[in-house]
Every structure is written in structure tokens, then in C-alpha cells.
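The values are calculated or read from the model by the stated rules, or taken from the named source; none is laboratory data. All of these numbers come straight from a predicted model, not from anything done at the bench. Reconstructed Cβ throughout: ideal geometry from the backbone, glycine too, with neighbour counts over all protein chains shown.
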Ligand code: ATP
């Protein structure tokens, strides 16, 4: 296996506040890796820095062996990193299809129509409602659309920030099943979640982030069985 993404000693600060302190982790090609941790642990900041929306204070980010730490966001997207942000950030007054096409705006090839159809195959409800405005959708449907939009850039790495936020357990399971399908189709995934149970059950490797640092790491099933994880993140103890 080879590392598609490698984060080395990453530190990110908002003024005097260090939100991320010396975080290191690796996402191997073809894997699902998750970062779990409490609210405010620094997970969103980490994803935003990988995407080029924030600049690191220290450390490096390697994508496919090349440093992307100081590249502009559009170049990082162009290199193959898609970011499905917290809160979905859809264009509420635009239709499903318009939102999907915006996800392909950096592309110049002629495969966009095929890829729109691929998203409809993945999420049939989006195909049925392709001309409806995104703002009228349920939370789960909006999350499907946000994932579909991110997939429209044909990413090599799909990063998702809290896809289960606000969703019912059934809808969360549906979204997580889709992530397993995307992995089976060859997409590498970096997932940030507060729903530690669902995320650890799905991922190949997990990292626990606490106050800006990674405190534990291991295969998802091992972290699920770890008494410290169970006490802190699964409400046991
Ligand atoms: P959440 O699940 O709430 O998104 P998180 O683990 O993703 O949590 P971050 O959003 O990365 O955590 O926040 C990490 C720390 O940085 C928190 O203490 C937060 O208050 C702080 N922070 C986040 N954004 C800003 C900002 N724009 N300005 C100042 N501090 C910020």
C-alpha cells in the first residue's frame, strides 16, 4: 500500500489559539480513515488546512508524495482532493443538477454528464428530484447531494466533515453504506465524525483527536474495543 495523504507535524492556529498541535496521520490509497473526537478538538481545522482554506503554522501535507501545504485551494482540488464541508453548504436556490454541475466546474473533459448519471445511480432520489431546489430537501437528501457534488470533481481523496450531523440513525447508516460503496469503487476517504461508533465501525484506521492532538490510533475495530475510546466517546465507563 502507498500513502495517498500524509499529514506530518501539522500545527494550525487562529491568532494565539493553536487549534491543531503537531498532528500526524496517514491515509493509504483505497482506505477509509477517520478522525474522531469531541467538539472543538481541531478536526474541521485539519480538513480545512488540507483543502488549502487555512495555512499551517508548522508541518507539512503530502498528497501523492508532493507537498500541497502552501498551494491554493483550487490547485489542491485540481490535484484530486474534494471536501464535503460541515453543514453541507449547498446552493439552496439552485436545483440538484445545478449543484452537481458546480462540483465539476474545474473539469474540462466531456465525462461530466456520465458522472451526473453516476451520482443518480448512487442516490436515485436525487435523480427523481433533479429539477427541484436543494433547499427544500431533508437533511439526509442534502447530505447525499453534498457527497454527490464532491464526487463530481472525480476526487482521488474524498474528505467528509460530519456527514451524519443532524441525521437519523437510519439515514446515517444509509450515508455510511454509500461511503463503503464509494470505497469499493476505488475512492479513498478521510472522514471526520463525532459519531464515533458509526465511523469506527466503517473505517480501516482511526485517529482520536483531543485538544488539537492525536492521542490514540489504530484499526477501527481495535479502537472500537478500546476501553478509553468506549469511556470517552461511546458513553460507557
Ligand atoms: P467541531 O466538531 O465543532 O467542528 P472540531 O474538532 O472540528 O469541532 P474545530 O472546528 O477545528 O474543531 O475547532 C478547533 C478549535 O479552534 C476550537 O477551540 C475552536 O473554538 C477554534 N476555532 C475554530 N474556528 C475558529 C476561528 N475561525 N477563529 C478562532 N478560533 C476558531
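Numbers for the structure displayed
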| item | result |
| --- | --- |
| Flag if residue 8 is within 15 Å of the ligand (Cβ to nearest atom) and farther than 21 Å from residue 84 by Cβ | no |
| Among residues of the range 160-199, those that are within 22 Å of residue 96 (Cβ to Cβ) and surrounded by 17 or more Cβ atoms within 10 Å (Cβ to Cβ), counted | 14 |
| Some residue of the range 111-128 being more than 21 Å from residue 29 (Cβ to Cβ), touching a strand residue (DSSP E or B) at 6+ places or on another chain (Cβ under 6 Å) and at pLDDT 90 or above | no |
| Residue match in the range 113-134 (condition: buried (at least 18 other Cβ atoms within 10 Å of the Cβ) and within 30 Å of residue 42 (Cα to Cα)) | yes |
| Positions within the range 16-55 being on the phi > 0 side of the Ramachandran plot and near the ligand (Cβ under 7 Å from one of its atoms), in sequence order | 37, 40, 42 |
| Output for the range 56-90, where each listed residue is within 15 Å of the ligand (Cβ to nearest atom) and within 17 Å of the chain's Cα centre (by Cα) | 83, 84, 85, 86, 87, 88, 89 |
| For residue 18: the one exception among (1) in contact with a strand residue (DSSP E or B) (Cβ under 8 Å, 6 or more places away or on another chain); (2) modelled with pLDDT of 95 or more; (3) more than 12 Å from residue 190 (Cα to Cα) | (2) |
